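Undergrad: Below are the structure tokens for one structure; questions will follow.
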There are 2 protein chains.
Amino acid sequence: MKSAVKAQQAEDSAETGAQQIRDAIREAIVERRLSPGTKLSESDVGNLFNVSRTLARAALQALSYEGLVSVEKNRGAFVAYPSPDEARQIFAARRLVEPGILREAAARITPGDISQLRELLLEEGRLMSERGQTARRAEIKASGDFHLMLAEISGNAIMQRFMEELVARSSLVIALYGQSTASSCGHSEHGDIIAAIENDDLDRACQLMLHHIAHIEADLDLRARKSLGLKEAFEL
Amino acid sequence: MKSAVKAQQAEDSAETGAQQIRDAIREAIVERRLSPGTKLSESDVGNLFNVSRTLARAALQALSYEGLVSVEKNRGAFVAYPSPDEARQIFAARRLVEPGILREAAARITPGDISQLRELLLEEGRLMSERGQTARRAEIKASGDFHLMLAEISGNAIMQRFMEELVARSSLVIALYGQSTASSCGHSEHGDIIAAIENDDLDRACQLMLHHIAHIEADLDLRARKSLGLKEAFEL
DNA sequence: ACGCAAAAAGTTGTATACGATTTCGCTGCC
DNA sequence: GGCAGCGAAATCGTATACAACTTTTTGCGT
């Protein structure tokens with residue numbers, strides 16, 4: 001599925017080296033190898049990928065359009081540090097669009113799609129039982145891929161791109177505000193949703209999706225701890 | 001309202017000259033002063049705004065992320081020429097998200113917002129009765145602003161940005177495939193939607209919104225006339 | 001020793017330069 | 001007359017250079 005997602009955008013383009021850098025950094029952010037707030041200086045990025053600052057800058061700009069990095073004028077680019085309010089908006093957006101995407105996907109889903117989804121779930125479960133950071137990161141990506149694949153099946157490239165943005169930003173939010181050591185997504189809920197789709201019970205599938213999103217959000221601690229930095233941090 | 005929309009993004013940023021160029025070009029595209037397919041060479045854009053190719057390029061890249069221009073490797077940037085399929089996806093996306101946005105907006109709407117919406121409608125009506133291209137362009141923008149303002153009222157900046165993209169791209173689609181000489185949006189339908197909101201009849205408001213979108217789409221001729229260029233163009 | 005000011009270092013914003021790729025027009029051949 | 005091939009012009013992709021701004025360090029005075 002990963003290849004399918006990429007192919008759709010690749011086509012003739014492979015636009016430029018900047019694209020590759022953008023993708024590499026995005027992956028690093030989504031997999032949480034880069035923490036929110038980390039500074040991404042143009043020179044450093046350029047050196048890291050052996051390109052000039054021009055390309056590094058282009059990649060960072062691109063990521064800022066996706067909301068994954070924030071560039072501050074004359075100060076530089078940082079891995080985005082979503083505020084609690086932003087976090088709420090991200091999940092509100094997901095609650096708003098994912099049921100609709102699910103409905104469209106269900107209308108066009110093929111047996112092949114379903115088996116691919118199942119495969120994804122299996123992989124996810126396997127990673128879940130594994131130990132180690134590598135497995136954890138792969139699991140994070142896999143759980144997002146479930147939602148992305150639904151968007152892909154829906155056949156609407158625009159919604160798919162939007163979901164990619166939302167999933168990526170969700171990962172950032174979870175990295176910042178997530179509490180449970182458990183992974184980002186309740187794995188079993190994904191399976192339930194597929195089952196509901198197979199049973200042609202669309203309303204139930206949507207309801208499950210909403211619950212699922214609410215579940216993820218419930219694991220967050222979005223109390224505005226605005227730096228809490230001075231006295232409060234030390235008076236105990 | 002225009003100022004409000006801009007202020008929200010301006011804040012401290014005003015990031016750079018590229019942003020201004022991007023906005024100027026976008027406005028030109030949305031108001032249909034630039035037709036789909038028009039070539040936007042980096043040098044030309046740079047000269048036009050008296051900046052280097054660097055900034056022109058950045059602006060064009062930004063617009064390509066919004067789907068308003070398509071850049072082809074080693075060939076240049078063009079005002080986007082959405083395919084019929086893309087057009088359908090754009091409107092499918094709008095049908096998917098606008099009812100949700102409407103619901104959120106209705107939940108937070110204030111009397112002040114309503115009067116602002118009414119004001120927008122009045123302006124729209126006034127422009128509608130005027131003659132001339134300038135009025136036509138202003139009307140196009142105004143009719144889009146109605147949808148954008150609902151997104152703004154909804155309080156979700158992410159959905160707002162997404163709607164901005166969808167409305168802008170819709171304008172392109174209408175420019176390409178629209179048939180009626182009449183303006184893009186049925187003006188009266190906007191008023192009906194506001195009325196339904198005021199009556200707390202959300203379901204009706206959503207239904208009106210869906211009809212409204214369907215209406216716009218119905219005015220399009222999305223038959224794939226694939227260039228129609230060879231024999232068909234001349235055999236009559 | 002502390003605080004403030006000025007300079008130095010580092011980083012971003014923009015312009016220019018150069019190599020690579022495409023496009024277009026020309027010449028020459030069929 | 002038309003088409004293939006070649007060369008020039010235009011345009012894009014990327015690197016480098018310089019100016020403007022920010023941050024840090026240094027040094028002086030109190």
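None of the figures in this text is laboratory data; all of them are computed from the coordinates on show. Only a predicted model underlies this, so the values are computations on that prediction, with no experimental measurement involved. A quick note on method: Cβ atoms are made from the backbone with ideal geometry, for glycine too, and the neighbour counts reach across all protein chains shown.
Undergrad: For region A:86-209, what is the convex hull volume of the alpha-carbon atoms per residue, in Å³? The partial results should precede the final answer.
TA: Numbers: hull volume 12.4 nm³, N = 124.
So the per-residue hull volume is 100 Å³.
Undergrad: Counting just the Cα atoms, what span does region A:121-164 cover along each of its three principal axes? Round to the nearest Å and put the largest first.
TA: Per principal axis, max minus min of the Cα coordinates gives 36, 17, 7 Å.
Undergrad: Now for a different question. Name the chain A residue nearest the rotation axis between A and B, going by Cβ position, and give the distance in whole Å.
TA: Residue plus distance in Å, as requested: A:Tyr65, 2.
Undergrad: Same structure, new question: Measure off 7 Å from each Cα along the Cα-to-Cβ vector at B:Thr110 and A:Ser41, then give the distance between these two points in nanometres to one decimal.
TA: Result: 4.4 nm between the two label points.
Undergrad: Let me ask another. Set the Förster radius R0 to 41 Å, insert the Cβ-Cβ distance between A:His215 and A:Ser52 as r into 1/(1 + (r/R0)^6), and round the FRET efficiency to 0.05.
TA: Numbers: r = 45 Å, r/R0 = 1.09.
Working from the Cβ atoms, E equals 0.35.
Undergrad: Ordered by packing density, taken as the mean number of other Cβ atoms within 10 Å over each peptide's residues, highest first, how do B:93-103, B:70-80 rank?
TA: Packing order, densest peptide first, comes out as B:93-103, B:70-80.
Undergrad: Based on the Cα gyration tensor of chain A, what are the three equivalent ellipsoid semi-axes, each the root of five times an eigenvalue, rounded to whole Å and given largest first?
TA: Details: eigenvalues 184, 115, 51 Å².
Whole-Å semi-axes of the equivalent ellipsoid: 30, 24, 16.
Undergrad: Using +1 on the beta carbon of Lys and Arg, -1 on that of Asp and Glu, and nothing else charged, what's the dipole of region B:15-79 about the Cα centre, debye to 20? Working shown, then result.
TA: Details: 9 positive and 8 negative charges, 45 e Å.
Here the size comes out at about 220 debye.
Undergrad: Per the Debye formula with a single identical scatterer at each Cα and no solvent contribution, what log10 I(q)/I(0) holds for the protein assembly as shown at q = 0.05, 0.07, 0.08 Å⁻¹?
TA: Each listed q corresponds, in turn, to -0.20, -0.39, -0.51.
Undergrad: Let me ask you something else. Based on the alpha carbons, how large is the Rg to Rh ratio for region A:14-79 when Rh follows Kirkwood?
TA: Numbers: Rg = 10.6 Å, Rh = 11.5 Å.
Taking Rg over the Kirkwood Rh, I get 0.92.
Undergrad: Given Cα pairs under 8 Å that are at least 6 residues apart, what percent is the relative contact order of chain A? Before the final figure, lay out the partial values.
TA: Details: 243 pairs, mean separation 51.1, N = 236.
Once divided by the residue count of chain A, the mean separation gives 22 percent.
Undergrad: If you don't mind, another one. Gain in length, A:Thr134 to A:Arg75, computed as 0.36 nm per residue apart minus the alpha-carbon separation, to one decimal in nm?
TA: Numbers: separation 59, 0.36 × 59 = 21.24 nm, distance 3.26 nm.
Taking 0.36 nm per residue and subtracting the Cα distance, the gain is 18.0 nm.
Undergrad: Quote the FRET efficiency, to the nearest 0.05, computed for B:Ser180 versus B:Arg118 with a Förster distance R0 of 30 Å and r equal to the Cβ-Cβ distance. Please list the in-between numbers first.
TA: Values: r = 26 Å, r/R0 = 0.85.
Computed FRET efficiency for B:Ser180 and B:Arg118 comes out at 0.70.
Undergrad: Output, in nm with one decimal and in ascending order, the distances from the B:Lys73 label point to the matching label points of the other copies (7 Å from Cα along Cα-to-Cβ).
TA: Distances to the matching label points in the other copies: 3.5 nm.
Undergrad: Sum -39500 (n - 2.57) across every DSSP H segment of at least 4 residues in chain B, then divide by the residue count to get the 222 nm mean residue ellipticity, nearest 500.
TA: On the way: 10 runs with 160 residues, N = 236.
So the calculated ellipticity at 222 nm is -22500 deg cm²/dmol.
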